[in-house]
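Computed from the coordinates by the stated procedures, all read-outs in this text should not be read as laboratory data. Source: prediction; values computed, not measured. Note that each Cβ is placed from the backbone with ideal geometry, even for glycine, and that neighbours are counted across all protein chains shown.
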Amino acid sequence: MLTTEQIEGYERDGFLVIEGFASAAACAALRDRANELVDEWQPSADRTVFTTEQQDRVSNHEFLSSGSTTWCFFEEEAFDDTGALRQPKRLSINKIGHAMHDLDPVFERFTFTPELAQVAGDLGLDHALALQSMYIFKQPGIGGEVGCHQDATFLYTDPMTVTGFWFAIEDATLENGCLWAAPGGHRSAGLRQVFKRAGAMTDHDGTVFERLDDTALPTPPHDLVPLEVDAGTMVVLHGLLPHWSGPNRSERSRHAYSVHCISAAAHFPAWNWLQRPASMPLRRLDAVAAQIASAR
């Protein structure tokens, strides 16, 4: 799937942009299904809000159990001072996570493809396991900022193998909150911190950040480059790469789908926030892709 130049570019920069990876029809089908899931979803009394700001991160039961479910998380600015939604529910959701790739046929077909398995293998991620999926809406006007971070902070393996595959379902621009990345940032210093469960899962379980390296991440947008891409583009992100996206104050949404994969040979500690029951094991990209192809 990948040329020598693409592989070398990924190793140098920590990210790779592949235009036209997903078809317009596949993107439209995923967008339609995501909207259906939002329409069908009924929030709990907690009204879980998703934020990447460390001081405000909410680690409630819905978040910590979402590794094996499909759950919707509200935007921070979705509610007014009285607690009522400012706009329809469809325009209030930050993201859906984190097991649609295993629980929903439309998301499964989009995720488990021979092409994605081959790209993962070309980049050295042998026997890639699909760990989590996120459908990100980046809503018009209220789409939240995603602070500069490294994916390995939240999905740690030993050795470090987590790799992000980010798909633009709609055009991503400077105006609607495209990704920004730090070229070569995966090679400077190391993993800055890890995000851990504070204890066994209960309704009152929490999480903590553990600092590993005091080297500061880039302060957006300094030392970052924007990744403005058309719908259908896939961006591959190294687990140590610092990346960020700003808020969306435009009138256009910026839908995206993200899948994080890890190596089957790596150790995934039990203190990672995302955990799944033994009855729901992680599945290999190549194996499931072959099963889907043979069933057609």
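Here the gap between Ala24 and Thr215, fully extended at 0.36 nm per residue and compared with their Cα-Cα distance, gives a gain of 64.7 nm. Taking label positions 7 Å along the Cα-Cβ direction at both Thr173 and Arg12, the computed distance is 3.0 nm, reported to one decimal. Under the membrane-span-like helix rule (DSSP H runs whose alpha carbons stretch at least 15 Å along the helix axis, mean Kyte-Doolittle hydropathy 0.5 or higher), the chain yields 285-295. Excluding same-chain neighbours fewer than eight residues apart, the lysines reachable from Lys196 by a Cα-Cα span under 30 Å are Lys95, Lys138. When the Cα centres of segment 230-296 and segment 142-156 are compared, how far apart do they sit, in Å? Distance between centres, Cα-based: 13 Å. The loop-placed chymotrypsin sites (Phe, Trp or Tyr not before Pro) in segment 1-37, going by DSSP, include none that has at most 10 neighbouring Cβ atoms within 10 Å of its Cβ. In plain terms, the residue of Ser65, Ser253, Ser44 with the fewest other Cβ atoms within 10 Å comes first and the most crowded comes last, giving Ser44, Ser65, Ser253. Residue order for Ser66, Ser188, fewest other beta carbons within 10 angstrom first, comes to Ser188, Ser66.
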